[in-house]
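Student: This structure is in structure tokens; I'll ask about it shortly.
Please treat every number below as a calculation from the coordinates, not as lab data. Source: prediction; values computed, not measured. In this analysis, Cβ positions are derived from the backbone assuming ideal geometry, glycine residues included, and neighbour counts consider all displayed protein chains.
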Amino acid sequence: MGLRIALIFARAELRRGTRIKHFMVPPYSLQILSALTPPQHQVRIIDEYHRLADPNLQADIIGIGVWTAAAPRAYALAEQYRARGIPVILGGPHVTVQPREALSHADAIVIGEAESVWEQVLQDVEQNQLQAIYHGEPLSLAQSPAPDWSPIQHNDYIAQVSMSTSRGCCRSCDFCYESCLPKPNYRQRPLEYVLKEFDERPFPVIAFIDNDLMIDRTYAKALLTALIPKKRFWLGMTSISTADDEELLDLMAASGCRTLFVGFESIQPESLREVHKGCNRVENYLRNITRIHDRDIMVNGSFVFGFDHDDEDVFDRTVQFGIDARLETATFTILTPYPGTALHQRLDAEGRIVDRDWGHYDTTRVVFRPAKMSADTLETGYFSAYKNFYSWSSIMQRCRRHEAGFGQRLLLNVAYKRVEPLYRFLNNPLPAGWLRSLFHWYARAW
Ligand code: SF4
């Protein structure tokens, strides 16, 4: 008799302005575990950003994916299910960097990537011999299966399907979980696997969730060339330095790229140096954004506040940069020293970590002592940056009123930020369906 397996993506406590990102793309890692599960077992996946896990959930084993800000919720869930006699196994980035803490709330934990040990875990559960700690080794992505999408409700998400061509990163920025991991850890899936999976997912918009889809330009150009005849739309993440290569940009546009999430992090070179984000060249930002816009690709810029070189002016200067650059959308975050990262180690050594409640490590709260401003100023500046960037005046300037696509850009801005407070007030889920329709309309406008 097979096992009833519930895999839960635990939900962090959400604050203003942070909700929409969880509606953009489905989580990915739990679908990989589902694909690795032998067919005699049944798998349910529960994404708590859409539906909270039922306290009376019926399962033979529960696996919970844990990110730092969701750790308190994950631990509470684990204890609740263990009290009912259901074994709970925890995994994910937070567990990898805080294994002892995680193990105190679970029957077992997986440190590292779970693919290499998942079948062993299930065998051990069946034989009632669950071990306390499993060490997952990074596998070649030729050995990792395509995710199993059958347990996912695609219509919960704006991009109904996410895909990945790679794992890990060649870089090691101090604030990123990547700085905790043994290097080199960057691996690519064989191109034929990616294209086969792309063909098997007949949705109009695909979200690539690679840390940087264009990091290996030879691979990226081969992928994009193969995508051109498929006439689909896609969105993904990359570095602004990608736009140094105009041939690559041409291929991105021709293959259906309609929006890029770009980690600018800071408009100050000294802040980028401070956290070893060496691939970003501030002097090329405006030129490269223009190159992307010239190909009708939207830019969602991501910026971080709270670096040691940031002073009280950084909020207004960053928002003004976003307006001058005509960024379609922007995401702002407060620098967050996730445990295990190089940033956490440095701030801890300097005695500047002031809050160790992991639930506050959600990039909207200040958990360390900033160098050039008070914590209150940093938090207030963060919220004011959102308010000012999504003010009507800013939206009208950024949406390029006299250019094609103005209406689409305007509606996306309204949908992206200004409607969210209404839905929070009504305590309704965000309308992923009509946001998706809006995005499709935008994507087809050219
Ligand atoms: S922030 Fe981006 S570029 Fe830097 S290490 Fe993390 S994934 Fe890589």
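Student: Please order 242, 333 by the number of other Cβ within 10 Å, starting at the fewest.
Tutor: The most exposed by this proxy come first: 333, 242.
Student: Report, as a whole number in µm² per second, the diffusion coefficient that Stokes-Einstein gives for the range 4-135 at 37 °C and 0.692 mPa s using the Kirkwood radius over alpha carbon pairs.
Tutor: 222 µm²/s
Student: Using only Cα atoms, tell me the angle between helix 217-227 and the longest principal axis of the chain; keep it within 0 to 90° and round to the nearest 10.
Tutor: Its long axis makes an angle of about 90 degrees.
Student: Something else now. Take every DSSP beta bridge whose two residues both sit in the range 159-257, then give the antiparallel share in percent to the nearest 5.
Tutor: 20 percent
Student: Next up: In the chain, what % of DSSP beta bridges are antiparallel (nearest 5)? If you can, show how the numbers build up before the last one.
Tutor: Details: 3 of 46 bridges.
Around 5 percent of the beta bridges assigned by DSSP in the chain are antiparallel ones.
Student: Hey, how many Å between the Cα centroid of the range 310-352 and the Cα centroid of the range 374-404?
Tutor: If we compute the Cα centre of each part, the gap is 15 Å.
Student: Can you give the percent of C-alpha pairs in the chain whose distance is more than 35 Å?
Tutor: Roughly 29 percent, rounded to a whole number.
Student: For the pair residue 231 and residue 396, how long in nm is the line joining their label points, each one 7 Å along Cα→Cβ?
Tutor: 3.9 nm
Student: Mind sorting 50, 344 by how few other Cβ atoms lie within 10 Å of their own Cβ, fewest first?
Tutor: Result, fewest neighbours first: 50, 344.
Student: Oh, and also: Once you charge only the Cβ atoms, +1 for Lys and Arg and -1 for Asp and Glu, what is the size of the charge dipole of the range 4-135 about its Cα centre, to the nearest 20 debye?
Tutor: Computed charge dipole of the range 4-135: roughly 660 debye.
Student: Tabulate in residue order the Karplus-calculated ³J(HN,Hα) for the range 388-395, using 6.51 cos²θ - 1.76 cosθ + 1.60 with θ = phi - 60°, rounded to whole Hz; enter x for Gly and Pro.
Tutor: Result, rounded to whole Hz: 6, 5, 9, 5, 4, 4, 5, 4.
Student: Collect residues whose amide H, placed 1.01 Å from N in the peptide plane, falls under 5 Å from the amide H of residue 109; neighbours closer than 5 in sequence don't count.
Tutor: Sorted by chain and number, the residues that satisfy this are 90, 133, 134.
Student: Now for a separate question. Using the Cα centre as the reference, give the magnitude of the dipole from point charges on the C-beta atoms of the chain (Lys, Arg: +1; Asp, Glu: -1; all else neutral), rounded to the nearest 20 debye.
Tutor: 1240 debye
Student: Let me ask another. With +1 assigned to the C-beta of every Lys and Arg and -1 to the C-beta of every Asp and Glu, and no other charges, what is the dipole magnitude of the range 316-424 about the Cα centre in debye, to the nearest 20?
Tutor: So the dipole magnitude of the range 316-424 works out to roughly 360 debye.
Student: What do you get for the angle between helix 71-83 and the principal long axis of the chain? Use alpha-carbon atoms, 0 to 90 degrees, nearest ten.
Tutor: Once rounded, one gets 20 degrees.
Student: Per-residue HN-Hα couplings for the range 28-44, Karplus 6.51 cos²θ - 1.76 cosθ + 1.60 at θ = phi - 60°, whole Hz, x for Gly and Pro?
Tutor: 10, 5, 5, 5, 5, 5, 4, 5, 7, 7, x, x, 6, 9, 10, 10, 10
Student: D for the range 159-389, whole µm²/s, Stokes-Einstein with Kirkwood Rh over alpha-carbon pairs at 4 °C and 1.567 mPa s: what number?
Tutor: Estimated diffusion coefficient is 69 µm²/s.
Student: Taking the 0 to 90 degree range and rounding to the nearest ten, how far is the long axis of helix 191-200 tilted relative to the main principal axis of the chain, both from C-alpha atoms?
Tutor: Helix 191-200 sits at roughly 90 degrees to that axis.
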